[in-house]
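One structure is given here, and the rest of the page talks about it.
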Amino acid sequence: MLTSNFPVTLTKTPRVKPTAEERGFGKYFSDHMFLMNYDKGQGWHDPRIVPYGPLTLEPSAMVLHYAQTVFEGLKAYRRADGHIQLFRPDANIQRMKDSCERMCIPAIDETLYLNALKELVTLDADWVPSEPETSLYIRPFVFATEAHVGVHAAHSYLFIIFTSPVGSYYPEGINPVRIMIESRDVRAVRGGTGYCKCGGNYAASLRAGEKASAAGFTQVLWLDGVHQKYIEEVGSMNVMFKIDGRIVTPELNGSVLPGVTRRSCLELLRDWGYEVEERLLSAQELTEAAASGRLEEAWGTGTAAVVSPIGEIFLDGKDYRINDFKIGPVTQRLYDHITGIQWGTIPDDKNWTVLVK
Ligand SMILES: *Cc1c(COP(=O)(O)O)cnc(C)c1O
């Protein structure tokens with residue numbers, strides 16, 4: 001029944017799948033996970049699929065102290081014809097390679113990585129939900145396991161992929177969010193790790209997120225870490241604005257995460273004839289555009305929500321409404337087009353999808 005490139009240990013105790021109401025986002029995990037070890041001298045070895053379950057780690061495992069770890073996030077989608085497909089997995093694999101390079105984690109073979117994604121999803125195909133707007137979230141990550149107190153690049157690592165069936169990110173439809181500029185904390189600095197999906201970046205972002213949430217905002221609008229003047233990201237999403245008919249988004253300067261959704265949106269927007277500017281955008285320019293009514297739409301982009309409309313921005317002590325707190329036409333079109341390709345309801349002219357089953 002199953003032919004695999006990797007040894008597979010099937011679970012003897014299948015997990016209970018959540019109902020559609022229970023599913024939510026990132027709360028339930030599928031039956032199996034992929035594991036592979038790295039040891040200095042041996043390289044990556046023992047790729048395998050085993051039942052999902054707890055790990056054993058030494059308290060001195062270096063990741064717990066020095067945060068030498070990176071992760072990825074992508075999804076598998078069930079099409080109307082029952083086939084399952086991934087969205088641009090090559091881009092996630094490449095980005096993880098870049099993140100690993102920055103964090104001195106040994107590179108993972110790209111072909112093996114793609115096969116591991118496909119085989120794990122195939123094995124747990126029953127876990128890919130089929131209701132509209134659902135998918136199987138895939139979380140690959142790698143971390144230092146070496147038991148050692150002392151700062152150096154570790155000599156042993158574990159690479160894991162697990163999956164989680166997820167519902168619509170927006171149970172009641174896409175609602176615009178309120179966001180707030182953060183002027184004290186920064187998420188990342190030039191020369192740092194902003195362009196990597198490394199755990200430490202998210203720990204550093206929590207305080208501002210908690211503060212924004214306590215003040216009634218959904219997300220933080222991050223400024224750059226050098227001048228604290230230029231817009232970089234929104235929460236853990238990339239951010240785009242429509243100003244005077246043009247699309248403006250922060251350029252990839254080293255502290256902005258190069259999102260796969262960002263890249264996909266920019267390609268589509270250029271195809272559709274929009275002028276797209278990847279450049280410095282100061283908070284002041286944004287305030288002026290908002291105040292003079294030239295800020296037509298604003299949205300965040302990321303795998304989890306695809307696009308997330310921004311309905312209100314708190315800037316310089318004032319609240320600015322955008323497009324009457326409603327999703328704008330460009331935001332909606334991007335959402336419809338990208339999710340259409342992902343769920344196989346519109347043709348994938350760009351060859352972005354990879355069939356797994
Ligand atoms: C993951 C992530 C994004 C979005 O990347 P996608 O590849 O589109 O999911 C944007 N910003 C940050 C900080 C992220 O971690």
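The values are calculated or read from the model by the stated rules, or taken from the named source; none is laboratory data. Because the structure is a prediction, the values reported are computed rather than measured. Note that we place each Cβ from the backbone using ideal geometry, even for glycine, and neighbour counts take in every protein chain shown.
Which residue, of Ser282, Ser255, Ser264, is closer than 17 Å to Arg190 by Cα, within 13 Å of the ligand (Cβ to nearest atom) and among the hydroxyl-bearing types (Ser, Thr, Tyr)?
Matching residue, one of Ser282, Ser255, Ser264: Ser255.
Quick one: Leu55 ticks every box in (1) modelled with pLDDT of 95 or more; (2) hydrophobic (A, V, I, L, M, F, W, C); (3) within 16 Å of the ligand (Cβ to nearest atom) bar one, so which box is it?
So Leu55 meets the others, but not (3).
For segment 195-224, give me the residue count where each residue is within 13 Å of the ligand (Cβ to nearest atom), in a loop (DSSP other than H, G, I, E, B) and without any contact (Cβ under 8 Å) to a residue 60 or more places away in the chain.
Final tally of qualifying residues: 0.
Identify all residues within segment 61-81 that are surrounded by 20 or more Cβ atoms within 10 Å (Cβ to Cβ), over 22 Å from Asn37 (Cβ atoms) and within 16 Å of the ligand (Cβ to nearest atom); write none if there are none.
Leu74, Lys75, Ala76, Tyr77
For segment 82-91, indicate whether the set of residues that are small (Gly, Ala, Ser), more than 14 Å from the ligand (Cβ to nearest atom) and not in a loop (DSSP other than H, G, I, E, B) is non-empty.
Among the residues of segment 82-91, not one is small (Gly, Ala, Ser), more than 14 Å from the ligand (Cβ to nearest atom) and not in a loop (DSSP other than H, G, I, E, B), which makes the answer no.
Scanning segment 227-243 for residues that are touching a Ser or Thr at 6+ places or on another chain (Cβ under 8 Å) and free of Cβ contacts under 8 Å to residues at least 60 places away in the same chain, which turns out nearest to the ligand (Cβ to nearest atom)?
Ranking the qualifying residues of segment 227-243, first place goes to Glu232.
Select from segment 244-253 the residues that are over 13 Å from Ala283 (Cα atoms) and at pLDDT 95 or above and list them in ascending order.
Listed by number, the residues that qualify are Asp244, Gly245, Arg246, Ile247, Glu251, Leu252.
Return yes or no: is Ile84 more than 17 Å from the chain's Cα centre (by Cα), among the aliphatic types (A, V, I, L, M) and modelled with pLDDT of 95 or more?
yes
Scan segment 130-139 and tell me whether some residue there is exposed (fewer than 15 other Cβ atoms within 10 Å of the Cβ), more than 16 Å from the ligand (Cβ to nearest atom) and assigned to a helix (DSSP H, G or I).
no
Looking at Pro176, Pro171, can you tell me which residue is at pLDDT below 95 and out of contact with any strand residue (DSSP E or B) (no Cβ under 9 Å at 6 or more places or on another chain)?
After ruling out the rest, the residue left standing is Pro171.
Restricting attention to segment 16-60, which residues are crowded, with 17+ Cβ neighbours inside 10 Å, out of contact with any Pro (no Cβ under 8 Å at 6 or more places or on another chain) and small (Gly, Ala, Ser)?
Result: no residue meets the conditions.
Just name the residue that is nearest to Arg321 (Cα to Cα) out of those in segment 156-193 that are of a type in the set (Gly, Ala, Ser) and within 16 Å of the ligand (Cβ to nearest atom).
Going through the qualifying residues, I end up with Ala188.
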